[in-house]
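Please treat every number below as a calculation from the coordinates, not as lab data. Note that the structure is predicted; figures quoted are calculated from it, not measured. Every residue, glycine as well, gets a Cβ built from its backbone with ideal geometry; the counts of neighbours run over all protein chains shown.
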Amino acid sequence: MIDLRELRDDPERARDAQRRRGASPELVDEILAVDERRRASIASFERLRAEQKALGRQIATADAAEKTDLLARTRELSASVKEAEAAQDQAEAAYTDVVMQLANLASPDAPAGGEDDYVVLDHIGEPRDFAAEGFEPLDHIELGRRLGAIDIERGAKVSGARFYFLTGIGAQLELALVMAAMDRAASWGFVPMVPPALVKPRAMEGTGFLGQAADDVYHLPKDDLYLVGTSEVALAAFHSDEILDGASLPLRYAAFSPCYRREAGSYGKDTRGIFRVHWFDKVEMFTYTSLEESYAEHERLLAWEKEWMTDLGLAYRVIDVAAGDLGLSAVRKYDCEAWIPTQGKYRELTSTSNCTQFQARRLDIRIRRGGAIEPAATLNGTLMASARTIVALLETHQQADGSVRVPEVLRPYLQGRATLEPVA
RNA sequence: GGAGGUGUCGCAUAGUGGCCUAGUGCGCCCGCCUGCUAAGCGGGUUGAGGGUGAUCCCCUCUCGCGGGUUCAAAUCCCGCCACCUCCGCCA
C-alpha cells in the first residue's frame, strides 16, 4: 500500500511509476476516485453517529414525558446510522480492493522496463578459466553425485520433480553454510531468528505475495495457511500491528528457514539439478527502519551480501533490477548473480529489496519518533540461499581430480576440512 | 480431536442494558512540603485514527476480534481468536 496523501498531492508521480513498470497508470485515477467516495461516506457516518450518541445521553437522564418523544426521534436516526454504516463498509471494501492492487512506486533510479532491462552495477572476481587450467568443469549434478552430496533421483522418487536430498557431506555443507551465515549476520548486529514457515493469509497478503505472485505460493486450504517462499514474510509480520520505538531502530533480524516455491510458469527453465527447486533453506536478513534511513540501509544490505559472496570465493556481478521485475513491494532491488561455470552465465544467488513503507502500511507497523507516528520502512536481503549457493560453490571450487576446495570461511564449520573428496 | 474456564486502561480489580464520557487501588508523571529518601497533600494518567485545526480544540473508534438483538451494548445472543486446566494423540 502506498501513501494516499502523496498520491493525492502528486498523482503524476504514481502514474509514471506505473508506466516504468509497464503497468496501468489508470489504476491511480481509479484509486483516487474510490478514495473520494470512501472519505465522503466516512464523514457522513461519523456525523450521524455523533448525533445519535448525544441523543442517547439525553434519553438516559430524561423524564418519562420527554423520553417518549426522544425515543421516536432516535429510532428514525438509528435507521440512517445503519444505512450510513453499511455505505461506509462498502466504500472501505471497494477502496481496499483497488488500492491493494497498486504496486509500490518504483524508484526513479530503478531502470525502466522488464526482466532484461537490468543495469550491471559491478563485477567482483574473475570467472575461473578452466580451459587454461586444462580440464573441463563438471556440473553440480555430477559433482554432487561423485561427492555423495546430492541425490536428485531419490528426491524425485520421494517428492517429485525439483526436489532433492542433501546427503552426507552435502548435508554437512548446508549446515556449515547456515551456521557460518547466521554467525556472520549476528556479528553485524542481526538478531538470529528461526521463524515459522507456515503463515496466515494476512502475513502473505501484507508482504505482497498474494498479488500477481499468488500462483507461485503453496496454500493449505484445509487450514488456510501458506508455506512461505521466504522468511521475509514471517519477519515482516513479526511486528505487525505494533508501534516501534524510533530509538530502537534499525531492528535487524537474520532468519533461517525453509522456503517453498511452486515455480508455476517456469516449467522449461532450469529443469536439471537443484538450481531451481520447490524447496530450499535460506538465511535471510530483514530490517525495520525509517523511510529516510531505508535507502542507506539498502546499500548496507547489499554490502553485506557482497562481503559474504566474496568470502565464499565466488565470481559475481551486481545488477540493478528493472522496475517491471521488482515485484509488488519493492521500490528498488539489487541482485547478486554468481558465475555458474557449466552454464557460462551469471545467475541470481541473492536479492535485496527496499520495500519502503509498502509492507508496513499493509501490516500496520509504525514507528514513534518524538510525538509523531509514521509507517516503518522494511527491507530484506538474502544472505545465503542454500541450493543455489551449493551449486555455485561446487562448480566454482572443483578441482581436476573431482574434489572440491572448501573456502576458508567454511572450514571451521566443517571440522577444518580443506577439500570435499569424492566417495568411492 | 474432545470437555471446561478465562479475556475490562501499564498491573490488579469493580462494573448483569441508559447517570460508563469505564470507577477504585498500585504504578507512573507534574506540583507542594522537604537536610536526603520515604511518607503526606493536590493535580494528571487507555490508546489510536481523522479534522481546510496547530501545542489548544473538535469528532470518531477503542472493555480480545467480528457479527447480531436494541432507540441505546463492557453488559444480552452468535461466530472466531488467544491463553489456562483436564482427556486423547504425538516429536
Query raised in the report: Can you pull out the residues in segment A:82-91 that are surrounded by 14 or more Cβ atoms within 10 Å (Cβ to Cβ) and either within 12 Å of RNA strand B (Cβ to nearest atom) or closer than 30 Å to A:PHE209 by Cβ (or both)?
Result: A:ALA84, A:GLU85, A:GLN88, A:ALA91
Query - Top-ranked residue in segment A:294-315 [being without any contact (Cβ under 8 Å) to a residue 40 or more places away in the chain and small (Gly, Ala, Ser); ranked as farthest from A:PRO341 (Cα to Cα)] - result: A:ALA296
Query raised in the report: Which ones in segment A:216-250 are within 15 Å of RNA strand B (Cβ to nearest atom), of a type in the set (D, E, K, R) and more than 24 Å from A:PRO375 (Cα to Cα)?
Result: A:LYS222, A:ASP223, A:ASP224
Query raised in the report: Considering segment A:202-237 alone, what residues qualify as being out of contact with any strand residue (DSSP E or B) (no Cβ under 7 Å at 6 or more places or on another chain) and under 20 Å from A:ASP364 (Cα atoms)?
Result: A:ARG202, A:ALA203, A:GLU205, A:GLY206, A:THR207, A:GLY208, A:PHE209, A:LEU210, A:GLY211
**Report entry** Condition check for A:ALA79: free of Cβ contacts under 8 Å to residues at least 40 places away in the same chain, within 9 Å of RNA strand B (Cβ to nearest atom) and surrounded by fewer than 15 Cβ atoms within 10 Å (Cβ to Cβ)
**Finding:** yes
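Okay, residues lined up against (1) assigned to a helix (DSSP H, G or I); (2) within 12 Å of RNA strand B (Cβ to nearest atom); (3) loosely packed, with under 13 Cβ neighbours inside 10 Å; (4) on the phi > 0 side of the Ramachandran plot:
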| position | (1), (2), (3), (4) |
| --- | --- |
| A:ARG5 | yes, yes, yes, no |
| A:GLU12 | yes, no, yes, no |
| A:ILE31 | yes, no, no, no |
| A:GLU46 | yes, yes, yes, no |
| A:GLU51 | yes, yes, no, no |
| A:ALA72 | yes, yes, yes, no |
| A:VAL98 | yes, no, no, no |
Report summary line: Expected output for segment A:370-393 (first residue more than 16 Å from RNA strand B (Cβ to nearest atom), partner assigned to a strand (DSSP E or B) and among the charged types (D, E, K, R), Cβ below 7 Å, 6+ apart or cross-chain) is A:ASN380/A:GLU284; A:THR382/A:LYS282; A:THR382/A:GLU284; A:LEU383/A:GLU284; A:MET384/A:LYS282; A:ALA385/A:LYS282; A:SER386/A:ASP281; A:SER386/A:LYS282
